[in-house]
Amino acid sequence: MTPWLVRGLLLPAHERLRGRATLAELAALRRGEQHPDAVYRLRREKLAALLEHCRDRVPFYRARLPANGALEVTDFPVLERDTVREHGDALCSDHYPGRLLPSSTGGSSGRPLTFWTDPVKETRHNAHKLRFRTWFGVRPGDRQVDFWGSPVELNKSSRFRRFKDQYLLNQALCSAHDLSPDRLEAYLRFLGRFRPHLVYGYPTVIARVARHAADHPRLLGGWRPDLVVCTSEMLYPQLREAITAGLGAPPVANEYGSRDAGLTAHECREGRLHIAAEHVWVEVDAPDASGVGDLLITNLDGFGMPLIRYRVGDRGRVSAGACPCGSPLPVLDRLEGRRNDFLVGAEGRRIHGSAANYVLREVPQVVQYRLVQRTDRSLDIQVVADADWGEAEARQVAEGLRRTLGMEVPVRFERVSVIPPSASGKYRWVESEALEP
């Protein structure tokens, strides 16, 4: 469908039928970018209103807060995922004027989480996505292909919905679960025909598609996306490089967020992650000497089931410095993975999993890997490698990992033909069982 027709007619009609004012919210966000003081005043006002709402209308918080007096976000307890599982009903507003919508996470951390969202939260979540994409010239209604594996979306994808999304809204969905050579070839042919402006999805999956495109460039018919947005996994340098090389050097941007906490940050053209400050309140809990700590997210628009100071399981650092791109939004200048994405080194030192990634990326024979550190700190590595992989390469990896950990540990290799994704469609590169609970 012609993008201007989708943008001007079909998408607005679709959003109105769904009861969402997404495009009006997008316009308000774009106007707010011109007035930094207004952005910060708005988020303070939204936070104050949300905290009062929690005390007055949410049983879980009402039982834990003083009945009167001014509230600060730090008056609220840190909210853990297990607490949401145990007290889900009590975390819902008992006077929410609209309807609540059931939702769930993909379960990449091991256990899916069921929770409730609401139309306002979802509308503003979508508006922020659209706002960040306009920074790269991608507008609502432009053609988009999602490489996705979440059962939440795939199970919803009836034949009618997929027809509606692709042919009326310019949004096509490709499964991240089947990445066989035949399927990759079919995806490339589809991209060459559909010619999307935006490619969105898991970086590991898009990188696989891009590597196949590098080997079979004619299948794309000269197509190149205007933007690739990677989400839900760590965007490691070699993944960004593979996507750039295979898809014609488009901008590749990282999007950070979660289904339960909401869209949190998005990269600008300068490569810095800007926090969606009108949508989320970000705290860094117990920062270390470098300022990195556990991220606590408060969604400022989630009045139906407010998640205040919600520990999302990732670590990061917030910067007070300005970005050369000119955006007034604060910057998440360091983002690390989940707690069990860290390895344990000598003397209990915690080492980010990307350190292992740097070791393995230096061995060109490695196509894909999965590393698990056991409770005794030994390492098990599944490796998908080309025909030149041998003892010398295994020894190089093992020695590099031992240097990284600063200690001698057993390193065991298992050569496999494929490493399947998790049930959510995501890949876990590094996982540690050695961290203290």
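Since every read-out is calculated from the coordinates, none of them should be taken as a lab result. In this text the structure is predicted, and so the values were computed from the model without any measurement. Counting neighbours? That spans all protein chains shown, and the Cβs are built from the backbone with ideal geometry, glycine included.
Considering only DSSP beta bridges where both residues belong to segment 3-338, give the percentage that are antiparallel (nearest 5).
The answer is about 60 percent antiparallel.
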Study note, to complete from the structure: Amide H neighbours of Gln368 at under 5 Å, excluding residues fewer than 5 places away on the same chain, with H built from the backbone geometry, are Val384
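At 0.36 nm per residue, minus the direct Cα-Cα distance, what do Glu45 and Arg361 gain on full extension? Give it in nm, one decimal, please.
Computed gain between Glu45 and Arg361 is 109.1 nm.
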Practice item. Run the quick spin-label model on Arg64 and Val418: label points 7 Å from Cα toward the beta carbon, then report their separation in nm to one decimal. Key: 4.4
Exercise for review: Evaluate the distance, in nm, between pseudo-label points positioned 7 Å from the Cα of Arg218 and of Arg159 along their respective Cα→Cβ axes.
Suggested key: 3.5
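Does segment 345-432 classify as rounded, prolate or oblate by the C-alpha gyration tensor (a ≥ b ≥ c root eigenvalues; a/c under 1.5 gives rounded; else a/b over b/c gives prolate, otherwise oblate)?
oblate
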Check your understanding: Once Cα extents along the principal axes in Å is worked out from the coordinates, which option in (i) 143, 46, 37; (ii) 67, 57, 42; (iii) 55, 43, 39 does it equal?
Key -> (ii)
**Study point:** Cα-projected label distance for Arg57 with Phe190, points at 7 Å along beta-carbon direction, nm
**Key:** 4.0
**Study point:** Which of Thr134, Thr117 has the fewest Cβ neighbours within 10 Å, and the rest in rising order
**Key:** Thr134, Thr117
Study note, to complete from the structure: Other residues with Cβ under 15 Å from the Cβ of Leu42 give, with Lys and Arg +1 and Asp and Glu -1, a net charge of +2
Practice item. Distance from a point 7 Å along Cα→Cβ of Leu5 to each backbone N in segment 213-254: keep the residues under 12 Å and list them by number. Key: none
Exercise for review: Would you mind ranking His95, His212 so that the residue whose beta carbon has the fewest other beta carbons within 10 Å leads the list?
Suggested key: His95, His212
**Study point:** Top of Glu72, Glu80, Glu122 by mean-square fluctuation, Gaussian network on the chain, Cα under 10 Å
**Key:** Glu72
